[in-house]
Every structure is written in C-alpha cells, then in structure tokens.
Amino acid sequence: MKKEWWQEAVVYQIYCKSFCDSNGDGIGDLRGVISKLPDIKELGVNCIWFNPLYRSPQVDNGYDISDYQDIDPSYGTLDDFKELLELAHSMGIRVVMDLVLNHTSDEHKWFQESRKSKDNPYRNYYVWRAPKENGKEPNNWGNYFYEGRGSAWQFDELTGEYYLHNYSWKMPDVNWEYEPLRQEMYKMMRWWLDLGVDGFRLDAINRLKKPAGLPDSKMPPAPPVGIYGYVVDRAICTNVPGIHEILREINKNVWSQYDIMTVGETGNLSSDGALDYICQSHNEIDMVFHFEIGKNANIITVNQYKETQQRWIDLMKHNAWISQFLTNHDSPRQVSRFGNDKEYRVPSAKMLATLVHTMPGTPFVYQGEEIGMTNVYFDTIDDYNERYTIGKYNTMIEAGVSPEKALGKLRDLSRDNARTPYQWNDSANAGFTTGKPWIKVNPRYPEINFEADRKSPDSIFEYYKKLIQMRRDHPAIIDGNFRFLMMEHPQMVVYLRKCARETLLVVTNFSDDKIKIELPQEIQDFTWERILTNRADTQPSLSGRTEWLPWEAEVYTLSE
C-alpha cells in the first residue's frame, strides 16, 4: 500500500527563537534559518516543523498568538517566511507550522472586542461566566502556570464577568462551541495552507472541548497551596466527550481538502484512547505526540520504555500511524534525560537516535539532537524563562523549600534545557548571535557545537545522516512489522523489523554497563550483515557475539 508522504518523512523541529540570529538582536529569526537550510538539507530531513512564528506578545514564547496571519517582527516578516517556504520547497523540504487552537493572546483583536460588552459580536468567541453570588470565580479550577496559586478565571471589570484561561491570564481559552469562532479558525487555516504550508502541529488539541457546565474539579487542592482553593486538574479539560466531533468537523472543512500532515499534542492521553484520534477511518488527525515517554515527568525504566513502545506500535495494526521522538521544546535534552551526557555522551546520543529512527512511525528530530546538545544547569531562577519552571519554583519557595533545593529539583526537567541557543561553533555565544542572547547559552558550547562535531571522526551529525538515509534505503524501517526480542531484559533493547523484501535486526544496550548475554537461538541460526554501528571498536559479525559495550547500537540485515 502506498504510504502518505508524512509516513515516509523525517521531521526536523526548529525552535526559531533559539536557532540562528541573523541581525544581532539576540533572538533567532527566519533569515537565520534560511542561512542554515543547506545544513538541514544535508542532514537528510525532508520536513521542518516550526514552533509558533505568529505575531505575539511572547508571554509564552509565541504560544500566545495576537495575530494568526502575520509573522512576529522578532522573527522577520511574512515576506521572509514566503521566501523560506519557497526555498525549502525547492530543496524538497516541506514546512509544517505550529498552530494553537485552544487559546489566543488577550491582545488578539477577537478578545479585545469580546471584553468590550456582553452583547459584542465577539463575546462568545471566548468562555465568559458571571461570578458566583459571593463574587468568587465560577469554579475551583487552577491555571497550569501557577501550580495551584492562581485561578483559571480572570475577573474583567469592564463587564463584571470572568473569562477562562487554563494557562496564563494573558492567554484566554476560545469557545469552540460557537460556530462563528469555528468558521474564523477554518478561514485562517485555509489561508496558511493556500500559502503553501504543508500541515500543522496542533498544540493542546485534545483540550478544545470543555466539560458541560464547567463543574468544579473533584480533586483535592494539592498541599501546600491548597489554602488557595484552586485545583490544577489537567485531566478535566482533556479528551472530553465531544472532542472527536470537533476534530472531525475541522478535518472535513479544512484538513481533508489538502495534502498535509497533522500531528496533535495530546496530554493526558494513553494508548488506550489514542486510536479514537489517529485511526485513519475516523478522519481526525494523522498522529499524536503522547506524554508517556518523551514528556513524562518520571524517569522510566528500560522495560517500561519497551512496554510503552509496544502498546503504541500495536495501534498501527488498526489503520493508524504514530510518531517517534524522545525530545522536543517541552522536554529536557534526550541525551541528558535518557542517556549519559558525560563519559558516554556520543555513543548514547547515537544509540537513542537509533531507537527513534528504526522503530515504526515518523521520527522527529529536535534541533541540537544531531550534535548531542545537553541539558543546562543555571545557577539562579533568574536565568530561567520557562513559565512552568518559574511557577513550580515559586510554589516550592512559598511552601518553605530553600532556593537551592527548589532549583535542584527543577533543573533536570526544566523545558529551558531544550530552549538554550543552538551551539554552532566555539565563538562568543556559540555563534548563535553577535548580540546578547535572549536566554543564556549552555556553557558546554566550546566542547559541544556544530563545527566541532562535523570535524570529529565520531560525528553524531554523520551518524544521523546514515540513519536517515537508511530509512530510505531499507523498506523494512517504514513498511516492516515489528517484534521485540528479549523483552524482559532490563538493559538490552532488541527487535526485528521485517517486510517482504528484507529483515533487519536492531541490537542496543540502553545502559552504562557492559552486558554479557547471548542473543536468542532464532537469531544465531542465521547469518547477519552489519549495516550500522555507533562503536568502531566492536566485531562486525554476530557469530559468537556475547558482549555488548555501554550504549552500543548495531543494525544488521539478514543475509540470504
């Protein structure tokens, strides 16, 4: 069966603000991206996903949109974007935009009109409610940015009512129950697609439907901030009955009319409920980003990783497709989170990449993975920009935790780990800007940077190139079925990819330890040819092989 283009794609995510600054203002921009398109092309990816580029007050790094149909001046102009789009297409690279449909900025013209009066034509574009009899908020929901210290409702004195904002009070939730709002959103999406954009990554897409009546959350207010009475219940507005009708309507009116990719960010979604979104016969969205591996706040074991992958891969038996990723702009760096970013930084970066690129689904590469960029450890909370980190820090300080302990608990998982500037070379500010960067550069940049990696005989970039080319040369990676071997082993991740034309074997050591183990007899009974390794100091033959180095990754093809 012929695959859709997005099933054969390798997607490179660009956080423009931190990618490349062309004018010295400390903020990455579109002309900076244009200057680096040859490097992106050389990597071998054939699709770019941009984090939000729209006009925005930047309360949440562009996820607070004040104009859906313009480019934020800090990134350039709409003409810059059109030039980039044309150039990328000429290189065979598609371009996907990040789109926020759950909320806007309070500076958006729709909201500015909405708050003027209760009978304004735009009033119902947002979720407004009268106060309770005592003047308090309509319910006990807390907003996600202030970890229970702030309500999800903001009182507006102009009309004497509250509006809903699950995130910052500067980011009011829109009302998808209101048909005129839906039509405006459809019109906006068609405008971008007619411009030539190749799809959307859909932010918080399973939150568009709110629960009927907007009831109080039944969760108890979490200590120590329970004294405020607000409940941060991330599940109450996710996967609400009626969400699938909304998505099918969007698909019918917009997405199905174009040859595009849609991938939804879906918090609080397990594999059990994912098929409702991604089964192709349901006509909703093509893929989802789930939180069970790459964005889970808990460090999972190797066996939990395998079990989670198996559940999601099993969905593909039901006419569905999945994404493969370990890192994005909302998570720590993958080599720091799942690998060893010190003595085994290079082999563990390559091993993790091997998993992402040889498992079923569409692989997503986040900028910097391809050179092994690591987490950053800032000294004070003042160096952090990301709202969740700051909100959690302030909550902990209010609870009596010392600044040192609070920061120590938050450093490893802060989203700013992924948002520090791209490390291009060992010059000032890692070659990202000639000015003062909007957020500090990772101090490891003299050691870890694009130029140094390209010169290294052990280049991570070159390994990514080989992986991406393998995806095109070996049909089993896209078309093949999947089967784990040695499922119960706590450190080894081993699996087969098989289609009518070939069989591939992937063997990886997901640990710092040297492992001594024999592969199953069903593997030993055949002859295998190694086609990729991340360790130059190992034997190429599987025959008699019993030892696996820390973070080793090997890919073999079955010899006829």
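Here are a few things to note about the model shown:
- Residues of the range 237-289 satisfying the condition of being charged (D, E, K, R) and either buried (at least 16 other Cβ atoms within 10 Å of the Cβ) or in contact with a helix residue (DSSP H, G or I) (Cβ under 9 Å, 6 or more places away or on another chain) (or both): ARG248, GLU249, ASP259, GLU265, ASP272, ASP276, GLU284, ASP286
- Set side by side, the residues ASP383, ASP341 differ, and just one is charged (D, E, K, R) and at pLDDT 95 or above, which is ASP341.
- The range 124-133, subset out of contact with any Gly (no Cβ under 8 Å at 6 or more places or on another chain) and surrounded by fewer than 16 Cβ atoms within 10 Å (Cβ to Cβ), residue farthest from LYS209 (Cα to Cα): GLU133
- Restricting attention to the range 256-297 and to residues that are in a loop (DSSP other than H, G, I, E, B) and charged (D, E, K, R), the residue that is farthest from TRP321 (Cα to Cα) turns out to be LYS295.
- Test: residue in the range 512-521 that is acidic (Asp, Glu) and within 17 Å of TYR495 (Cα to Cα): yes
- Matching residues, the range 85-116, being under 23 Å from LYS187 (Cα atoms) and either at pLDDT below 95 or of a type in the set (A, V, I, L, M) (or both): LEU85, VAL95, VAL96, MET97, LEU99, VAL100, LEU101
- Set ARG483, ARG471: member being under 22 Å from ALA353 (Cβ atoms), in a helix (DSSP H, G or I) and charged (D, E, K, R): ARG471
- Out of LYS514, LYS498, LYS465, sole residue that is within 17 Å of VAL302 (Cβ to Cβ), modelled with pLDDT of 95 or more and among the basic types (Lys, Arg): LYS514
- Cross-chain or 6+ apart pairs with Cβ under 6 Å, the range 258-273 first and in the same structural domain as LEU208 (by TED's automatic domain parsing), then surrounded by fewer than 16 Cβ atoms within 10 Å (Cβ to Cβ) and not β-branched (Val, Ile, Thr): ASN268/ARG234; ASN268/ALA235; SER271/ARG311
- When ASN134, ASN139 are screened for being assigned to a loop (DSSP other than H, G, I, E, B), touching a strand residue (DSSP E or B) at 6+ places or on another chain (Cβ under 8 Å) and over 30 Å from PHE50 (Cα atoms), only ASN139 passes.
- Subset tally (residues that are β-branched (Val, Ile, Thr), assigned to a loop (DSSP other than H, G, I, E, B) and without any contact (Cβ under 8 Å) to a residue 40 or more places away in the chain) for the range 348-392: 1
- Residues in the range 416-427 include at least one that is surrounded by 19 or more Cβ atoms within 10 Å (Cβ to Cβ), in a helix (DSSP H, G or I) and touching a Lys or Arg at 6+ places or on another chain (Cβ under 7 Å).
- Failed item, numbered, when THR434 is tested on (1) under 24 Å from SER74 (Cβ atoms); (2) outside any loop (DSSP other than H, G, I, E, B); (3) not basic (Lys, Arg): (2)
- On the stretch given as the range 168-180, residues that are in contact (Cβ under 8 Å) with a residue 60 or more places away in the chain and farther than 16 Å from ASN251 by Cα total 7.
Per-residue answers, yes or no, for (1) touching a residue at least 24 places away in the same chain (Cβ under 8 Å); (2) closer than 21 Å to ASN51 by Cα; (3) among the acidic types (Asp, Glu); (4) part of a loop (DSSP other than H, G, I, E, B):
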| residue | (1), (2), (3), (4) |
| --- | --- |
| MET189 | yes, yes, no, no |
| ASN206 | yes, yes, no, no |
| ALA212 | no, no, no, yes |
| ALA235 | yes, no, no, yes |
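- Single condition ASP473 does not satisfy, out of (1) surrounded by 16 or more Cβ atoms within 10 Å (Cβ to Cβ); (2) under 29 Å from the mean Cα position of the chain (by Cα): (1)
- Filtering ALA430, ALA452 for residues that are without any contact (Cβ under 8 Å) to a residue 24 or more places away in the chain and either of a type in the set (A, V, I, L, M) or in contact with a His (Cβ under 7 Å, 6 or more places away or on another chain) (or both) leaves a single hit, ALA430.
- Flag for PRO550 being surrounded by 14 or more Cβ atoms within 10 Å (Cβ to Cβ), under 30 Å from the mean Cα position of the chain (by Cα) and not aliphatic (A, V, I, L, M): yes
- Among the residues listed as ARG411, ARG444, the single one being basic (Lys, Arg), touching a residue at least 60 places away in the same chain (Cβ under 8 Å) and more than 21 Å from PRO38 (Cα to Cα): ARG444
The values are calculated or read from the model by the stated rules, or taken from the named source; none is laboratory data. What you are looking at is a predicted structure, and each value in this text was computed from that prediction instead of being measured. When we count neighbours, we look across all protein chains shown, and the Cβ atoms used for this are built from the backbone with ideal geometry, even at glycine.
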